[in-house]
Amino acid sequence: MDRSSQQPKLTPDESVRPNRGVDEGCENEMLRLNVPGRRAVQFTFDGETINAYEGETIAVALLAHGQRTLRHTDRYGQPRGLFCNIGVCHECLVWIDGRSNQRACQFLVSDGIEVRKEHKQ
Amino acid sequence: MNRRQVVIVGAGPAGMAAAVTLCREGVLPTVIDENPQSGGQIYRQPRNASQQSGSNEVLKDTRGNQLHRQFQQCREQIEHLSDNTVWGIYSHRQVACNGPDGCQMFAADHLLLATGAYEYVCPFPGWTLPGVMTPGAAQSVVKSHGVRPGKTAIVAGTGPFLLVVALQLHNAGVKVAAIVETARRRDLWRHCPGLFWDLAMFAEGAGYMRRIRQAGIPMMWGQVVTCAEGNDAVAAAVVAPCNEEGVADPGQARTIPVDTLCVAYGFVPRFELAQLAGCEMEYREAMGGWIPKMDSHLATSIPGVWVAGDGGGVAGAIVAQLEGTLAGLAIANSLGRLDTATFQNRYRKLSRQLAKMHRFREALDRVYQVREGLTKLATENTIVCRCEELSCAEVDAGIESGGTRSRTLKVMTRLGMGPCQGRMCWPAMARRIARKTHQRVEEVGQFSFRPPTQPICLGDLLADNQTLSQLTDRPTVIEKSVKNQTL
């Protein structure tokens, strides 16, 4: 699948400044650099609607949204989040569209996907 | 069965260089890579022209541009399967992968493993908190996605990579509270002469140091992050000076508030596929741990299986690219596409370059060595196996009751039995066992991988009868209800 056209684009001047402007309505713009020309997408995380941009992974979109906890552990219920971001540590495993153990750091966002920390019947 | 002449796993510098080299010799390779775009972790794709020519020095990354261009030029000849995870290697170089089109299996005449490396993190109290991540993770969040991982960060660990990441975070608008480097400044002076083997690299490093200073980022030499504090996410890092062995002095610790803590102590080769392919392995501390045994042409002990880049010993992108080229030439030579005289000629040139890089690296390794004392950072309650949630005390108890080898300890405690299959915990735990039982790390043994090396959906596997029939000779009965479960 060719996804090269969907990659985020940074403009030189804006890439160094925190983006305080409104850009297609992402809530936590404090953490996003201004990257114009991207298509906004929406997905849900535990039922909450998350605005993101095409080309972002689920883990990054959630991080930009301020959602750092991606799952709670089985044994002690500890929060865990993005750790290695290259698909090695498996800390970011989430449910995506009813499929278990998907790596949020490797999975690209798309419109309407349903992401959950835990499985709901 | 899909047969292919050459399958390359990984599209980082080594895999790309090998693919380009093969194309030039008239061999059409198949490249399988987990990421949406080629470049691997280090040569992440440049985004657009304006960024490349922009005023921002660090987010503008021209390294690897030439290789990207060459790879693009050959794209007609290369079968590039991006977004595809290789999860198993079976006998006769059969490669099982899983991607958007489901599971596929290829039988390769030649298999080049260019799997790269991942960052080594020593367990310390609080390292499982969200907001603690590897410097590489923070870098890719900024570079690939234009998202700041947080507002205030500390970049800690050891190695020149910390400087690169700190500067990139700074330029993206993250406040970098400090770079915490375990090596002491005097280590740098002592081994400075060895760094002159590669003046260009030396100058690059010096340039980074200067820009760190100009950016006003405090550089803390000879210090170590001993603890991450916070309830639901990291809120502060405890930093203390350490001695030559890396043992921290808690008396002089201080707390720095941060919302992002990036920690790594170098890199570990990703050798899982080489192990599954049956390659003979050896332990080389300076290379990052277990690596496949290779001859001077990068052939492993299994005929037709080759290894290039950090997966065969951590040495960085430039060496990886040279090795990729070398492996490509060697494969072309063994396919009869390149005559031996030409091959030998080009091989000699490449190996001279590699030898020069090697001497530079040896000096760098001595400055930024992984220090013994780091294994002492974990306290009794520190989770050391992130997947199975084992505390240091539980693992220590396992070691004391006879789990002094990798296999026995795994069976006794479940250490490394989670989805990461020991990638994260094992490098640190092998050192811990070795220290506690007075063995050498290689005596503790490798941790063994099982396919699938990454979780895959049973449904994907079931959908591909061809792959399934390769894997089992018995009729497989799997209930529909487990189709969405992952192995």
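With the condition kept exactly as written, say whether any residue in region A:86-96 is more than 10 Å from chain B (Cβ to nearest Cβ), in a loop (DSSP other than H, G, I, E, B) and either surrounded by fewer than 17 Cβ atoms within 10 Å (Cβ to Cβ) or modelled with pLDDT under 95 (or both).
Scanning region A:86-96, I find no residue that is more than 10 Å from chain B (Cβ to nearest Cβ), in a loop (DSSP other than H, G, I, E, B) and either surrounded by fewer than 17 Cβ atoms within 10 Å (Cβ to Cβ) or modelled with pLDDT under 95 (or both), so the answer is no.
Okay, residues lined up against (1) open to solvent by less than 10 Å² (accessible area, probe 1.4 Å); (2) in contact with a Gly (Cβ under 9 Å, 6 or more places away or on another chain); (3) more than 9 Å from chain A (Cβ to nearest Cβ); (4) hydrophobic (A, V, I, L, M, F, W, C):
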{"position": "B:Ile78", "(1), (2), (3), (4)": "no, no, yes, yes"}
{"position": "B:Phe106", "(1), (2), (3), (4)": "yes, no, yes, yes"}
{"position": "B:Thr115", "(1), (2), (3), (4)": "no, yes, yes, no"}
{"position": "B:Leu129", "(1), (2), (3), (4)": "no, yes, no, yes"}
{"position": "B:Thr152", "(1), (2), (3), (4)": "no, no, yes, no"}
{"position": "B:Phe161", "(1), (2), (3), (4)": "no, yes, yes, yes"}
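Test B:Glu380 against the criterion of being within 24 Å of the chain's Cα centre (by Cα) and away from every other protein chain (no Cβ under 14 Å), and give yes or no.
no
Does B:Gly230 meet the test of being modelled with pLDDT under 95 and over 27 Å from the mean Cα position of the chain (by Cα)?
no
Hey, which of the helices (runs of 4 or more DSSP H) in region B:335-434, taking only ones fully inside, have at least 1 residues that are more than 29 Å from A:Tyr76 (Cβ to Cβ)?
The qualifying helices (runs of 4 or more DSSP H) are B:340-367.
Which pairs do you get when a residue that is over 14 Å from B:Pro241 (Cα atoms), found in region B:176-189, comes within reach of a residue that is modelled with pLDDT of 95 or more and not in a helix (DSSP H, G or I), reach meaning Cβ atoms under 6 angstrom, with the pair 6+ apart or on two chains?
B:Val176/B:Ala153; B:Val176/B:Ile217; B:Ala177/B:Thr152; B:Ala177/B:Ile154; B:Ala177/B:Ile256; B:Ala177/B:Val258
Determine which single condition A:Phe107 fails, assuming it passes every other condition in (1) among the hydrophobic types (A, V, I, L, M, F, W, C); (2) more than 7 Å from chain B (Cβ to nearest Cβ); (3) open to solvent by less than 10 Å² (accessible area, probe 1.4 Å).
Exception for A:Phe107: condition (3).
Could you give every pair whose Cβ atoms fall below 6 Å, whose first residue belongs to region B:72-93 and is among the polar types (S, T, N, Q), and whose second residue is open to solvent by 60 Å² or more (accessible area, probe 1.4 Å) and not in a strand (DSSP E or B), counting only separations of at least 6 or pairs across chains?
Listed by first residue and then by second, the contacts come to B:Gln77/B:Leu28.
Could you check region B:319-357 and list, in sequence order, the residues that are touching a residue at least 60 places away in the same chain (Cβ under 8 Å) and open to solvent by 40 Å² or more (accessible area, probe 1.4 Å)?
B:Gln321, B:Ser334, B:Leu335, B:Arg337, B:Lys356 - these are the residues of region B:319-357 that are touching a residue at least 60 places away in the same chain (Cβ under 8 Å) and open to solvent by 40 Å² or more (accessible area, probe 1.4 Å).
Tell me whether region B:283-290 contains one or more residues that are charged (D, E, K, R) and either at pLDDT 95 or above or surrounded by 20 or more Cβ atoms within 10 Å (Cβ to Cβ) (or both).
No, region B:283-290 has no match at all.
Quick check: anything in region A:63-75 assigned to a loop (DSSP other than H, G, I, E, B), facing chain B (nearest Cβ under 7 Å) and of a type in the set (Lys, Arg)?
yes
Does region A:15-35 include one or more residues that are open to solvent by 40 Å² or more (accessible area, probe 1.4 Å), facing chain B (nearest Cβ under 10 Å), more than 24 Å from B:Thr260 (Cα to Cα) and at pLDDT below 95?
No: region A:15-35 contains no residue that is open to solvent by 40 Å² or more (accessible area, probe 1.4 Å), facing chain B (nearest Cβ under 10 Å), more than 24 Å from B:Thr260 (Cα to Cα) and at pLDDT below 95.
Just checking, does region B:237-246 include any residue being among the polar types (S, T, N, Q) and out of contact with any Ser or Thr (no Cβ under 9 Å at 6 or more places or on another chain)?
Scanning region B:237-246 turns up at least one residue that is among the polar types (S, T, N, Q) and out of contact with any Ser or Thr (no Cβ under 9 Å at 6 or more places or on another chain).
Quick one: A:Val115 ticks every box in (1) at negative phi; (2) buried (at least 17 other Cβ atoms within 10 Å of the Cβ); (3) assigned to a loop (DSSP other than H, G, I, E, B) bar one, so which box is it?
(3)
Which ones in region B:42-99 are among the small types (Gly, Ala, Ser), at pLDDT below 85 and assigned to a loop (DSSP other than H, G, I, E, B)?
B:Ser53, B:Gly54, B:Ser55
Regarding B:Ala274, is this residue among the small types (Gly, Ala, Ser), surrounded by 16 or more Cβ atoms within 10 Å (Cβ to Cβ) and under 15 Å from B:Val132 (Cβ atoms)?
no
For the condition touching a helix residue (DSSP H, G or I) at 6+ places or on another chain (Cβ under 8 Å), facing chain A (nearest Cβ under 9 Å) and open to solvent by less than 20 Å² (accessible area, probe 1.4 Å), what is the one hit in B:Gly88, B:Gly136?
Just one listed residue meets the conditions, B:Gly136.
Cβ contacts < 6 Å: first residue of a type in the set (Phe, Trp, Tyr), restricted to region A:30-45; second residue open to solvent by less than 20 Å² (accessible area, probe 1.4 Å) and part of a strand (DSSP E or B), any location; separation 6+ or different chain. Result?
Correct list of pairs: A:Phe43/A:Ile50; A:Phe45/A:Val115.
Just a yes or no: is a residue in region B:182-198 at pLDDT 95 or above and in contact with a Cys (Cβ under 8 Å, 6 or more places away or on another chain)?
Yes, region B:182-198 contains a residue that is at pLDDT 95 or above and in contact with a Cys (Cβ under 8 Å, 6 or more places away or on another chain).
Suppose we filter region B:271-301 for residues that are closer than 24 Å to B:His92 by Cβ, assigned to a loop (DSSP other than H, G, I, E, B), touching a helix residue (DSSP H, G or I) at 6+ places or on another chain (Cβ under 8 Å) and not aromatic (Phe, Trp, Tyr); how many remain?
The qualifying residues number 4.
Within region B:444-482, which residues are at pLDDT 85 or above and either in contact with a His (Cβ under 9 Å, 6 or more places away or on another chain) or assigned to a helix (DSSP H, G or I) (or both)?
B:Val444, B:Gln454, B:Pro455
The values are calculated or read from the model by the stated rules, or taken from the named source; none is laboratory data. What you see is a predicted model; the values in this text were computed from it and never measured. Note: ideal-geometry Cβ built from the backbone for every residue, glycine included; neighbour counts use all protein chains shown. Surface accessibility is based on the protein's heavy atoms, side chains included, excluding ligands, DNA and RNA. Shrake-Rupley method; radii C 1.70, N 1.55, O 1.52, S 1.80 Å.
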